[in-house]
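Enquirer: After the structure tokens below, expect a handful of questions from me.
The values are calculated or read from the model by the stated rules, or taken from the named source; none is laboratory data. Every value quoted in this text rests on a predicted model; they were computed, and no experiment measured them. Neighbour counts are summed over all protein chains in view; Cβ atoms, including those assigned to glycine, are modelled from backbone coordinates with ideal geometry. When the accessible area is computed, the model is the full protein with side chains, heavy atoms only, and any ligands, DNA or RNA have been set aside. Shrake-Rupley method; radii C 1.70, N 1.55, O 1.52, S 1.80 Å.
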Amino acid sequence: MKKIFAFVCSVFFIAGAVFAQVSNDISEKCFKILESTDDNLAYHGDYSATISLVIEKPGKPKENIQYKIFERTDKDLMTIVQLFPEADKGNGYLRDGDNIWSYDPISRKFSHTSLKEALGDSDIKLDDVEQNDTRWRDNYTIAAYEEGMLGKFSVDIITVSAKTNEPSYVKSKFYIRKDIPLVLKEEDFSGSDRLMRTILIPKYSKVPAGYVSTQAIIRDELNKGEQTQQVISDLTFDTLPDKIFTKAYLEGLN
């Protein structure tokens, strides 16, 4: 949820100052901008939300998937439960720090997985919905910085390179509003610098706790015409019971 999502209109890019080598000052500036995008989001402490996905693939009917997510961001705790379709109801994921499991309600077995796993058959990775206050400095170095325009918005354009195995992609580029630090667009690249995925965010909504990207479009750049639309609803910030972040909770749902 955090990083998910950008802008679905014509992109007019006007490059500003490009730094051939990122200095320590520029690197620190970029990390502070990236961290401010998280600070502006509403996902702090405990929260829950419904994630509805519409998956489009050429030659196939649209597929609808729905999940419930529970997260305690300051403890790296996260539980995701599939709600729809009925045949997959109860599939789940559980994170406790560095340990991440997927759960199959039919076999009633847990399997170790990673944040790189996709939600169902969608283009969304687990690390797209995971929130962590230190994830930028823990997992990335700053590769490049520019200023430019994205549609009508002045943006900071920050390219990061993964320094751990946690991120799903080796390199990512973020287009971030200058007036309100919010990610409008994300581009994800392979090690050979091939564009793999683009995330667009048509709209943010303001709630008392911050901003929520209520709609996002995730495009698979390797398979043209394939994309996932994500809609966030039923967002709450009530304190969650500790039992939600346990294997027993997932096992007890079915």
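Enquirer: FRET efficiency for F84 and E251, Cβ-Cβ distance as r, R0 = 30 Å, nearest 0.05?
Expert: 0.90
Enquirer: Skip the ligands, DNA and RNA, and give the accessible area per residue of segment 150-189 with a 1.4 Å probe, whole Å². Don't jump to the answer; show the numbers that get you there.
Expert: Working: 1430 Å² over 40 residues.
With the other protein chains kept in place, segment 150-189 gives 36 Å² per residue.
Enquirer: Further question on the same structure: Read phi for every residue in segment 241-254 and hand back ³J(HN,Hα) as whole Hz from Karplus 6.51 cos²θ - 1.76 cosθ + 1.60, θ = phi - 60°, with x for Gly and Pro.
Expert: Computed from phi, the couplings for segment 241-254 are x, 4, 5, 4, 9, 9, 4, 4, 5, 5, 5, x, 7, 10 Hz.
Enquirer: Pull up the cross-link candidates among the aspartates and glutamates for K29, meaning alpha carbon to alpha carbon under 17 Å and not fewer than 8 places away within one chain.
Expert: D38, D39, D133, D138, E146, E147, D156, D179
Enquirer: Students often get this wrong, so check it: of K60/K203; K152/K173; K109/K163, which have C-alpha atoms separated by over 29 Å?
Expert: Where the Cα-Cα span goes over 29 Å, the pairs concerned are K109/K163.
Enquirer: Hey, rough spin-label estimate for E35 and D138, points 7 angstrom out along Cα→Cβ, what's it come to in nanometres?
Expert: 1.4 nm
Enquirer: With r as the distance between the Cβ atoms of N165 and K109 and R0 = 22 Å, compute the FRET efficiency 1/(1 + (r/R0)^6) and round to 0.05.
Expert: 0.35
Enquirer: Right, something else. In Å, what Kirkwood hydrodynamic radius results for segment 179-251 from the alpha-carbon pair distances?
Expert: When all Cα pairs of segment 179-251 are included, the Kirkwood radius is 15.2 Å.
Enquirer: With the crude spin-label approximation of a point 7 Å out along Cα→Cβ, what separation in nm comes out for E226 versus K60?
Expert: With each label point 7 Å from Cα toward Cβ, the separation is 0.7 nm.
Enquirer: FRET efficiency for D234 and R194, Cβ-Cβ distance as r, R0 = 25 Å, nearest 0.05?
Expert: 0.10
Enquirer: I'd like the accessible area for R194: 1.4 Å probe, protein heavy atoms, all chains in place, Å² to the nearest 10.
Expert: 140 Å²
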